[in-house]
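Input: a single structure, listed below in structure tokens.
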Amino acid sequence: MRQWLEKQFKLSEFHTNIKTELLAGITTFVTMAYVLATVPNMLESAGLDKHVMFTVLILLVILTTCAMALYTNRPFALAPGLGSVGIVTAMMANDGIAPSLTAGVIFWSGVLFIAISFLGLREAVVRVIPVSLKHAVSAGIGLFIALLGAKSCGLIIANEAKKSLGFGDLKSPEVIVAVIGFIILLILKSRKIQGDMILAIAATTIVGIPFGVTKMPESLLTMPAGIGGQFMNIDFMGALNFAYIPFLIALFVPDFFSTFGTVLGVGAKAGYLDEDGNLPGIDRCFKVDAIATSFGALFGMPSMTTYLESSAGVEAGGKTGLTVIFTSILFGLALLLAPVALMIPSAATAPVLIYIGINMLGAMRNIKYDDMTEAFPAFVCIAFTIFGNNIANGICAALPSYLIMKIASGKIKEVRPAMWILVAVCLLYFYSIL
């Protein structure tokens, strides 16, 4: 076994060993294990069975992460991106789009990613999307995730009388537990304690017991929920309707650029980058990530993406794919502990969602505020994502604004030809609404 591991993962070449990779794998698992609670809870709010989605989630994490480990030998773990989970949840819960159609949109966003990855068009897409709008999409999704977290625990509710959002019952047990959990998370973050998110979720879950928010499971172990009914519940052709193209863009853009940034960022920490700042074999990472998205869609799971939390394992000494093989094994063990994971209430995961969402606003620092042709479209993207209660609305309002401002300011040369195609798609989207 040692010889096979050495041959497969080239441990000596990367100056690491099995023990170091194991500890790094545990670290990666601890830092991203919060997805076990957050993703099923978010999808349940959209009408899906969280027990089934819990099983699907773990199986997909194991399969896609192991594929990344064996094909690229990089310590990158995959799981559903919370941004895409937020978009998918909104599509079903807010826009009333059927789960089968939603799965179809996810599938085609993955196909687009696959085409770009295998045809070598990655650089072309990177150039077409304005830099400021890339960061604005991330910030808008961040606000959306924070809002989902606040709504999930009852902190923010829809006020029918005022036709706006407002505070819920601040005396309710759910809100009190969520606030306590947020304070716990902030303390752990400030102290830079490893695994702060999962520790905060665990502590908040315990706090919720005397409040009656946390319901104790009847057993600690259980057989995984069947996923047969979830598999292939997908409408491939219906998802190609023009009305859903903006959602496809909304899923594709964050997934694509999140993967791009994550593999470069984590790769830099691991010392993978060459003298030109490029990551050798990055196309392999993109191919796995892209195929993972379309494969996950067959089970109705939002876009599978490379997780930034992989950097925790790298910081712990992980250098090869063996790191996330161990991470996958730990996720497999969690499959048998479903009652423990699913007893976690929304009030315990809400603080994490709010924190993650707020933290994503850091992307706004990269917006060129001294150039209104860049700053205003970015603002439109962020604002209408929230005001329109839909990330697709934000993107489709921002792209035409960007084009108009570039033309009006005499900077039309900065607009690449493909941008006209994207704007045309946005106009078709608004026409479909009318």
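Values as computed for the structure displayed
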quantity	calculated
Some residue of the stretch 322-337 being open to solvent by 20 Å² or more (accessible area, probe 1.4 Å), more than 30 Å from ALA408 (Cβ to Cβ), at pLDDT 85 or above and among the small types (Gly, Ala, Ser)	yes
Identity of the residue in the stretch 32-75, at pLDDT 90 or above and among the hydroxyl-bearing types (Ser, Thr, Tyr), that ends up surrounded by the fewest Cβ atoms within 10 Å (Cβ to Cβ)	TYR71
Selected residue [part of a helix (DSSP H, G or I) and at pLDDT below 85] from LEU148, LEU199, LEU188	LEU148
Where a residue in the stretch 104-129 is open to solvent by 20 Å² or more (accessible area, probe 1.4 Å) and its partner, wherever it lies, is modelled with pLDDT of 80 or more and of a type in the set (S, T, N, Q), with Cβ under 6 Å and at least six apart	PHE107/SER294; VAL111/SER294
Subset of the stretch 402-418 (residues that are hydroxyl-bearing (Ser, Thr, Tyr) and surrounded by fewer than 20 Cβ atoms within 10 Å (Cβ to Cβ))	SER409
Only one of SER190, SER172 that is open to solvent by less than 50 Å² (accessible area, probe 1.4 Å) and either free of Cβ contacts under 8 Å to residues at least 12 places away in the same chain or out of contact with any helix residue (DSSP H, G or I) (no Cβ under 9 Å at 6 or more places or on another chain) (or both)	SER172
Any hit, the stretch 339-348, residues being in contact with a Leu (Cβ under 7 Å, 6 or more places away or on another chain), at pLDDT 85 or above and among the hydrophobic types (A, V, I, L, M, F, W, C)	no
Tally, over the stretch 291-311, of residues that are part of a helix (DSSP H, G or I), closer than 16 Å to ALA77 by Cβ and open to solvent by less than 10 Å² (accessible area, probe 1.4 Å)	4
Residues located in the stretch 366-383, provided they are open to solvent by 90 Å² or more (accessible area, probe 1.4 Å), touching a residue at least 60 places away in the same chain (Cβ under 8 Å) and assigned to a helix (DSSP H, G or I)	PHE379
Among residues of the stretch 94-120, those that are on the phi > 0 side of the Ramachandran plot and of a type in the set (A, V, I, L, M, F, W, C), counted	0
Count of the stretch 392-434 residues which are among the hydroxyl-bearing types (Ser, Thr, Tyr) and outside any helix (DSSP H, G or I)	1
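The values are calculated or read from the model by the stated rules, or taken from the named source; none is laboratory data. This is a predicted model, so every value here is computed, not measured. Because the Cβ atoms are built from the backbone with ideal geometry, glycine has one as well, and the counts that use them run over all protein chains shown. Areas reflect the complete protein model, heavy atoms only, side chains present, ligands, DNA and RNA absent. Shrake-Rupley method; radii C 1.70, N 1.55, O 1.52, S 1.80 Å.
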